[in-house]
Amino acid sequence: MKFFIDTADLDQIREAANMGVLDGVTTNPSLMAKVGVSDVKGHYLKICEMVDGDVSAEVISTDYEGIVEEGRELAKIHPNITVKIPMIKEGVKAISTLAAEGIKINCTLIFNPLQALVAAKAGAKYVSPFIGRLDDIGQDGMNLIEEVRVVFDNYGLECQILAASVRHTQHLLNCALVGADVATMPLSVIENMIKHPLTDKGLAKFLADHKKMTESVQ
Ligand code: G3P
C-alpha cells in the first residue's frame, strides 16, 4: 500500500518524507489556499523536488478546453506531476484526451463506484474516493472503497484506488484491509499510525532496566 500525504505544506511534506515511507503527495485548491501559495507552479515544483513519487496538482477549470490546457501546463512542471481532475462530464472528456497523451491523471471527488468506473475507463491512473466526507453526511465511506475494489477487480482495471479524505487511523487500517492501492492522509494520521501506548511503556521499561544495569556495574 502506498502512503501519500494530503497537504501543500512544505514543512509537513518534508517531515513525512524524512521518515522514508512517503510515496507521493496530493493537494487540492483548498489545501493550496490554506498555505497561501502565490506562485502555484513554483510551489508544485518544490514539492516534486522533495518527494520521489506522484504529486497531484488540481485543475481549476471546469470546461473541457480549459481543463486540457491547464492539465498540459501542469504536466510540464515536472515528471512527478499527476493532474487532478474533478469527476464531471467535461472532466471525463479531458481525462480521455490527456491520458491518451501519456499524462497521469487522478480523478477526484469520487462518491460512488460508477464514477470510479467511468474515470478508469477514461484512462485515469488514480481515482480518489472521499471516505470522510461520506461519513460526514451519515453514509459509509469505507463501503465505497470496498465497492470500487470489487468493480476494478471484476474487470482487471489497472486504475489505482487512492483513498482520500482519510481522517484517522481506523480509516487507514480499513483501507489496507480492503486493498486500497494508496491512502492519502494528513501528517497527523501518518504520525498516529506508528504510536501505541504499550510501545512507549515497553521502551520506557527497557531503558530504565538498561540504566539500572549500567549503574549497578559501575
Ligand atoms: O484531497 C482530497 C481529500 O483528501 C480531502 O479530505 O478531509 O478535506 O475531506 P478532507
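The values are calculated or read from the model by the stated rules, or taken from the named source; none is laboratory data. Owing to the predicted nature of the structure, the values given are computational and were not obtained by experimental measurement. When we count neighbours, we look across all protein chains shown, and the Cβ atoms used for this are built from the backbone with ideal geometry, even at glycine.
Would you check which residues across the stretch 110-144 are under 14 Å from the mean Cα position of the chain (by Cα) and among the hydrophobic types (A, V, I, L, M, F, W, C) and list them? Working first, answer last.
As a first pass, look at the stretch 110-144 and keep what is under 14 Å from the mean Cα position of the chain (by Cα): 110, 125-132.
Those that are under 14 Å from the mean Cα position of the chain (by Cα) and among the hydrophobic types (A, V, I, L, M, F, W, C): ILE110, VAL127, PHE130, ILE131.
Filtering the stretch 3-12 to residues that are aliphatic (A, V, I, L, M) and over 16 Å from VAL40 (Cα atoms) leaves only ILE5.
Just one of HIS168, HIS196, HIS210 is within 16 Å of the ligand (Cβ to nearest atom) and out of contact with any Phe, Trp or Tyr (no Cβ under 8 Å at 6 or more places or on another chain); which is it? Can you show your working first?
Working: HIS196 fails: within 16 Å of the ligand (Cβ to nearest atom); HIS210 fails: within 16 Å of the ligand (Cβ to nearest atom).
None of the others qualify; the one that does is HIS168.
Look at (1) of a type in the set (Gly, Ala, Ser); (2) within 15 Å of the ligand (Cβ to nearest atom); (3) in contact with a helix residue (DSSP H, G or I) (Cβ under 7 Å, 6 or more places away or on another chain) and you find that ALA120 fails only one, number (2).
Among the residues of the stretch 1-35 satisfying the criterion of being hydroxyl-bearing (Ser, Thr, Tyr) and assigned to a loop (DSSP other than H, G, I, E, B), which is farthest from PRO79 (Cα to Cα)? Before you say what the answer is, go through the steps one by one.
Quick first cut of the stretch 1-35, residues hydroxyl-bearing (Ser, Thr, Tyr) only: 7, 26-27, 30.
If we keep only those that are assigned to a loop (DSSP other than H, G, I, E, B) as well, we get 7, 27.
Working: THR7: 19, THR27: 16 Å.
That would be THR7.
Within the stretch 166-184, residues that are small (Gly, Ala, Ser) sit with their Cβ atoms under 9 Å from residues that are part of a loop (DSSP other than H, G, I, E, B), at 6+ positions apart or across chains, in these pairs: ALA176/MET1; GLY179/MET1; ALA180/MET1; ALA183/MET1; ALA183/VAL166.
Among the residues examined, LEU162 does not qualify as aliphatic (A, V, I, L, M), within 13 Å of the ligand (Cβ to nearest atom), over 24 Å from GLY91 (Cβ atoms) and crowded, with 16+ Cβ neighbours inside 10 Å.
Among the residues examined, LEU144 qualifies as within 15 Å of the ligand (Cβ to nearest atom), crowded, with 22+ Cβ neighbours inside 10 Å, over 21 Å from ILE5 (Cβ atoms) and modelled with pLDDT of 95 or more. Counting only residues that are of a type in the set (S, T, N, Q) and over 22 Å from PRO79 (Cβ atoms), the stretch 92-144 holds 4 of them.
Residue count for the stretch 173-218, restricted to those that are surrounded by fewer than 11 Cβ atoms within 10 Å (Cβ to Cβ) and under 26 Å from VAL150 (Cα atoms): 0.
The single condition among (1) among the polar types (S, T, N, Q); (2) free of Cβ contacts under 8 Å to residues at least 40 places away in the same chain; (3) within 19 Å of GLY91 (Cβ to Cβ); (4) within 12 Å of the ligand (Cβ to nearest atom) that SER188 does not meet is (3).
For the criterion of being closer than 25 Å to ASP52 by Cα, crowded, with 17+ Cβ neighbours inside 10 Å and out of contact with any Lys or Arg (no Cβ under 9 Å at 6 or more places or on another chain), PHE130 passes.
Just one of VAL51, VAL21, VAL55 is under 17 Å from the mean Cα position of the chain (by Cα), aliphatic (A, V, I, L, M) and away from the ligand (no atom under 16 Å from the Cβ); which is it?
Details: VAL51 fails: away from the ligand (no atom under 16 Å from the Cβ); VAL55 fails: away from the ligand (no atom under 16 Å from the Cβ).
Only one candidate qualifies: VAL21.
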